[in-house]
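Data block below; observations after.
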Amino acid sequence: MENKIPGLHHITAIADNAKRNHEFYTKVLGLRLVKKTVNFDDPGTYHFYYGNEAGTPGSILTFFPWEGIGQGRNGTGMATDIGYSVPKGSLEFWSDRFKQFNINQYPLSERFGEQFLSFRDPDGLQIDLVAAEGEDNRKPWETGDLNASAATKGFHSVTLTVKNIRATAEILTDIFGYHLLKQEGNRYRFITGATDHAAIVDLLELPDTPSGRQGAGTNHHIAFRVKDDNIQMEFREKIASRGLNPTSRINRDYFYSVYFREPGGVLFELATDNPGFTVDEPLKELGSHLKLPKQFEAARPEIEKVLPVI
Ligand code: ZN
């Protein structure tokens, strides 16, 4: 029985315009598009997966670009901030780069002894580049103008904003095996000892802040890693025994998913490491073809017609 979750698997957020989203994440932030598919529940909409070369768990940021969805608003009951790990000494480079691309950014800041640079993506999604304390030996995806001296290495952390941290903290500690590492004001840093990377969840307690509203520029859910289906079902049992109504296991083609809403209001997912993104495309071609789940393959011509050109 595995009793600790080995960190984040992916984070899923909402965008408006697909082309703008694709350009920002591949060109400005320098991530690799590792899968171009559709929303399995809404196949007229893309589902983009960005990550490192192979889309390793802990590096994957995914988007549903819904044209015209309208702006969301950060608030309680949602993930409000994504942290990416970047090399020490690279934050000034990033700040210059964001200036060059007219990206909204904030002055360099420090939290828990680590320097970070906050910015907003073109839809307003809040992201921090964190010059992480310890050594981060993950191999980054490099592009023509972003090499290993600056490229992102995958997630550092995610921040969940809740009115009261207690019940959410109990899920992290009692079920997922995280522990409280440090506290700074109303920010509580939890970490799992089961991995060195994407191991941090910060809980930000804001009792008087209204609930967030999902829309462009907000996060939809966060997924935690489980090694395989058996371990996923063991965690599902623990979640069910707390009366949290997890879904049954859903096949997402690249992983298997179980969802539940944690008591603070954030949608959580448990996603398996298997089978991964090379299940339907070779590593060097990841993201270069529109991949459809088999239930939609017959409708490919219609789907291709409605999806925007990116
Ligand atoms: Zn997900």
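The values are calculated or read from the model by the stated rules, or taken from the named source; none is laboratory data. These numbers were taken from a predicted model, which means no experiment stands behind them. All Cβ positions, glycine included, derive from the backbone under ideal geometry; neighbour counts span all protein chains shown. Each accessible area value is taken on the protein alone, full model and side chains, heavy atoms only, with ligands, DNA and RNA left out. Shrake-Rupley method; radii C 1.70, N 1.55, O 1.52, S 1.80 Å.
Could you check, for region 201-209, whether at least one of its residues is within 16 Å of the ligand (Cβ to nearest atom) and open to solvent by 60 Å² or more (accessible area, probe 1.4 Å)? The answer is no; no qualifying residue exists. Scanning region 60-71 for residues that are within 14 Å of the ligand (Cβ to nearest atom) and of a type in the set (S, T, N, Q) yields a single hit, Thr62.
Out of region 1-32, which residues are away from the ligand (no atom under 16 Å from the Cβ), within 24 Å of Gly215 (Cβ to Cβ) and among the small types (Gly, Ala, Ser)? Residue satisfying the conditions is Ala18 alone.
Exactly one residue out of Thr26, Thr37, Thr80, Thr45 is in contact with a strand residue (DSSP E or B) (Cβ under 7 Å, 6 or more places away or on another chain), surrounded by fewer than 21 Cβ atoms within 10 Å (Cβ to Cβ), assigned to a strand (DSSP E or B) and polar (S, T, N, Q), and it is Thr45. Among the residues that make up region 132-142, is at least one of them assigned to a strand (DSSP E or B) and either in contact (Cβ under 8 Å) with a residue 12 or more places away in the chain or crowded, with 20+ Cβ neighbours inside 10 Å (or both)? No, because not a single residue in region 132-142 is assigned to a strand (DSSP E or B) and either in contact (Cβ under 8 Å) with a residue 12 or more places away in the chain or crowded, with 20+ Cβ neighbours inside 10 Å (or both).
For region 217-231, which positions are surrounded by fewer than 22 Cβ atoms within 10 Å (Cβ to Cβ) and within 15 Å of the ligand (Cβ to nearest atom)? Correct list: His220, His221.
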